[in-house]
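Heads up, the thing below is written out as structure tokens.
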Amino acid sequence: MADVKNQEEVLILGIETSCDETAAAVVRNGRQALSNVIYSQIDLHTVYGGVVPEIASRKHIEKINQVIQKALEDAGTTLEQITAVAVTCGPGLVGALLVGVAEAKAIAFASGKPLVGVHHIEGHICANYLEDKELEPPFLCLVVSGGHSHLVMVHDYGAYEILGQTRDDAAGEAFDKVARAIGLGYPGGPKIDRVSCEGNQEAIAFPRAKLEDSVYDFSFSGLKSAVLNYLHDCERKGIKVCQADVAASFQKAVVDVLTEHSLRAIEQYRVKKFAIAGGVASNAHLRAALQEACAKRGVAFYRPAPILCTDNAAMIGAAGYYEYQKGVRHGWDLNAVPGLKLGERI
């Protein structure tokens with residue numbers, strides 16, 4: 001078991017329930033995850049082709065105490081040794097968020113520990129601190145997940161400037177919808193990543209959206225529609241669809257857009273450090289494309305391990321540490337904010 005007796009250490013109990021993962025972790029000084037327990041509900045939601053909010057909330061209620069207890073045990077610590085409790089309070093599914101927020105408030109109140117609300121996207125960005133202990137701001141970060149696509153300049157801990165974001169479907173959402181359309185099912189991202197290895201990424205010329213009024217914003221709804229139109233056209237003409245080719249060509253279009261936007265920002269802002277975060281950041285093709293592009297330009301490339309890309313509580317503990325160090329404390333009126341914007345005061 002980990003040695004956590006040093007009283008100078010700051011130990012954050014992180015709690016994450018924004019979607020369909022019930023997670024808890026203990027993080028030391030914002031850089032080391034002493035535990036990171038995740039209960040995934042993927043099997044429950046797969047039959048519905050996506051996350052069902054009511055089911056997610058009920059399962060969080062059922063599992064959260066067990067997950068937190070396991071996180072404390074794995075870290076070899078107790079609530080008495082914890083410095084503060086950090087919890088995701090937005091954005092996310094309101095019912096799911098409320099479970100985590102209520103649990104965190106109860107634990108903080110009962111144990112007399114400070115309570116810190118954390119932004120979910122900030123947590124994803126901070127996952128990079130757990131992976132690379134030497135990474136310090138400023139750096140540029142591409143955050144891509146099921147609900148979010150953001151290009152963010154990280155000026156300092158907790159200081160963010162959004163350069164671009166999605167106008168419609170996020171990258172991960174597009175992956176899920178296309179995967180369902182070609183018969184792969186949910187979750188779409190990992191399945192398309194795997195199947196595309198067997199396909200020809202140049203087989204189908206899917207579009208790459210360009211937004212003239214904001215060069216850093218993303219739009220994937222047109223690409224999704226182009227895939228659906230292609231499938232309908234094949235069906236109408238009696239043409240057999242090659243699932244792997246569609247997956248590979250679609251994925252290439254997404255990766256091209258994400259890479260192009262990132263490189264434009266790298267060059268304009270002359271950054272020397274670039275990071276990725278979020279569930280889609282575990283995509284092997286995206287990681288390879290960005291790593292190669294950064295290497296050619298002499299830019300340091302940072303990416304969390306796949307387990308830290310998906311929703312987890314270690315990233316919330318890391319973000320909570322830096323908020324705690326800044327003096328951020330929340331009261332018992334802390335609430336779930338499903339549409340919380342990055343940088344918006346909680």
>> Looking only at region 162-189, count every residue that is out of contact with any Lys or Arg (no Cβ under 9 Å at 6 or more places or on another chain), more than 14 Å from Gln243 (Cα to Cα) and in contact (Cβ under 8 Å) with a residue 60 or more places away in the chain and tell me the total.
In response: 7
>> Which pairs turn up if I take residues in region 313-331 that are without any contact (Cβ under 8 Å) to a residue 24 or more places away in the chain and look for partners that are surrounded by fewer than 19 Cβ atoms within 10 Å (Cβ to Cβ) with beta carbon separation below 9 Å, at least 6 apart in sequence or on another chain?
In response: none
>> Between Gly147, Gly222, Gly172, which is within 16 Å of the chain's Cα centre (by Cα), assigned to a helix (DSSP H, G or I), farther than 23 Å from Val271 by Cα and not hydrophobic (A, V, I, L, M, F, W, C)?
In response: Gly172
>> Please go through region 132-156 and give me each residue that is more than 30 Å from Pro53 (Cα to Cα) and buried (at least 20 other Cβ atoms within 10 Å of the Cβ), ordered by number.
In response: Phe139, Leu140, Val154
> Which residues, counting only those in region 30-47, are under 19 Å from His60 (Cβ atoms), hydrophobic (A, V, I, L, M, F, W, C) and buried (at least 20 other Cβ atoms within 10 Å of the Cβ)?
Replying inline: Val37
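Each row is one residue, and each column tells you yes or no for (1) free of Cβ contacts under 8 Å to residues at least 60 places away in the same chain; (2) of a type in the set (A, V, I, L, M, F, W, C); (3) closer than 22 Å to Arg264 by Cα; (4) touching a Leu at 6+ places or on another chain (Cβ under 9 Å).
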| position | (1), (2), (3), (4) |
| --- | --- |
| Ala203 | yes, yes, no, no |
| Pro207 | yes, no, yes, yes |
| Leu211 | yes, yes, yes, no |
| Phe218 | no, yes, yes, yes |
| Asp233 | yes, no, no, no |
>> Can you go through Leu263, Leu334 and tell me which one is hydrophobic (A, V, I, L, M, F, W, C) and either in a strand (DSSP E or B) or farther than 21 Å from Phe139 by Cβ (or both)?
In response: Leu334
>> Can you pull out every residue in region 267-295 that is more than 25 Å from Ser40 (Cβ to Cβ) and either outside the structural domain of Arg194 (by TED's automatic domain parsing) or assigned to a helix (DSSP H, G or I) (or both)?
In response: Glu267, Gln268, Tyr269, Ala288, Ala289, Leu290, Gln291, Glu292, Ala293, Cys294, Ala295
> When region 111-139 is examined, which residues are found to be free of Cβ contacts under 8 Å to residues at least 24 places away in the same chain and not in a loop (DSSP other than H, G, I, E, B)?
Replying inline: none
> With respect to the numbered conditions (1) closer than 24 Å to Thr310 by Cβ; (2) in contact with a strand residue (DSSP E or B) (Cβ under 7 Å, 6 or more places away or on another chain); (3) modelled with pLDDT of 95 or more; (4) not hydroxyl-bearing (Ser, Thr, Tyr), which one is the sole condition not fulfilled by Gly172?
Replying inline: (3)
>> Could you tell me how many of the residues in region 12-29 are crowded, with 22+ Cβ neighbours inside 10 Å and either in contact with a Lys or Arg (Cβ under 6 Å, 6 or more places away or on another chain) or on the phi > 0 side of the Ramachandran plot (or both)?
In response: 1
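The values are calculated or read from the model by the stated rules, or taken from the named source; none is laboratory data. This one's a predicted model, so the numbers in the text were calculated from it and none came from an experiment. As a convention, Cβ positions derive from the backbone with ideal geometry for all residues, glycine included, and neighbour counts pool all protein chains shown.
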